[in-house]
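To keep things clear, I will list the structure first and then write my remarks on it.
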Amino acid sequence: MSLSETEETRQFSFAPFAAHPFYTDINRSLVQQALASLMRPAAATLTIVDMACGTGAITRLIAEEAARRGYRVRILGIDPSAEALRLAQQQIAGTGATAEFMRGEADDLPRLVGHADAAFFCNAMHLLPDKLSALRHLAAILAPGGILACNSAFYEGTSVEETSRFGRLWIRRAVGWLRQEHPEVHLSRETKATALQWLTPQAYASLLEQAGFERIDVKQEQVMMSLDGLRDLGHYWLFIEGALPGAPLALGAAALGAAVYQAGQELGVTAVPRLWLQIIATKA
């Protein structure tokens, strides 16, 4: 996905945020809806791709739901990060399920997969500068009638007023913490982070149509994100770069970690609502 992985960024991973129950629940909802809508030939073995699988949180949910439904499946997890794939293999092994993990990006799909009955692209679409190209690569591997399920909490419309109010205060308090504790740090607002280049739900639906999908079901589901969950989101390197551009990752994480509880105390909240974009589309 053209995101540079370094020893430093591996210390500020998405995994702690993905371990929270609200994250598991919202992604399980998408997995259940997608597999329920999949046309399954009798006695067939389904090939399911988990694109940008990361450390395997969604791969595990796919394996669990397929087992619950009695489906025979071959699950392929694909991600550009070798370290994430190593952790994904450990996670899936601990569940007793099986999955194959391969290093690659969206344009590697035809070579790595060949064909699939369903594909998931969860919590990563917002990171891609060329979303249409990725969707076309996903369409290329899907059989006619195959299902693509994708989602994101980083899109235009994700924040209700309460979320926006909290987010503004959180960032202000984090900037204030940096100025007080580390005045040598200078933030930059000149470059917008890739992770913050958000699209509307309608724009995502249009891209899917252009990529060859139909029956595009677009929903927004609300979750309550705990302050602990937001703290872990503020420890993720891409979020730090978007919220506090120019700050060293360690200091940015410290600032966001301290400020999230301060903002929560000032507003009298222990959790913040956020909308999650959930999309299921069918290959034409």
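None of the figures in this text is laboratory data; all of them are computed from the coordinates on show. Since this is a predicted model, take the numbers as computed values, not measurements. All Cβ positions, even for glycine, are placed from backbone atoms using ideal geometry, and neighbour counts span all protein chains on display.
What is the gain in length, in nm to one decimal, between Val160 and Glu214 on full extension, counting 0.36 nm per residue of separation less the C-alpha to C-alpha distance? Working shown, then result.
Details: separation 54, 0.36 × 54 = 19.44 nm, distance 2.89 nm.
This chain segment gains 16.6 nm when fully extended.
Here the sum of -39500 (n - 2.57) over DSSP H runs of 4 or more residues, divided by the residues of the chain, equals -13500 deg cm²/dmol at 222 nm, to the nearest 500.
Could you tell me how many degrees, from 0 to 90 and to the nearest 10, lie between the Cα long axis of helix 57-69 and the main elongation axis, the longest principal axis, of the Cα atoms of the chain? The angle comes out at about 40 degrees.
Across all C-alpha atoms in the chain, the radius of gyration and Dmax reach 19.1, 65 Å. Amide hydrogen proximity for Ala119: with H placed 1.01 Å from N in the peptide plane, the residues at 5 or more positions away or on another chain lying under 5 Å are Val49, Ile147, Leu148, Ala149.
Against the main long axis of the alpha-carbon atoms of the chain, helix 201-210 sits at an angle near 40°.
Simple rule: put +1 on each Lys or Arg Cβ and -1 on each Asp or Glu Cβ in the chain, find the dipole, and look at Tyr204, Gly146, Pro80; the Cα lying farthest toward the positive end is Gly146.
Packing, as the average of other Cβ atoms within 10 Å across residues, places the peptides 86-99, 254-267, 138-151 in the order 138-151, 254-267, 86-99, highest first. Charge dipole (Cα centre; +1 on Lys/Arg Cβ, -1 on Asp/Glu Cβ; no other charges) of the chain amounts to roughly 500 debye. About its Cα centre, the dipole of region 100-227 is roughly 440 debye, where the only charges are +1 on Lys and Arg Cβ and -1 on Asp and Glu Cβ.
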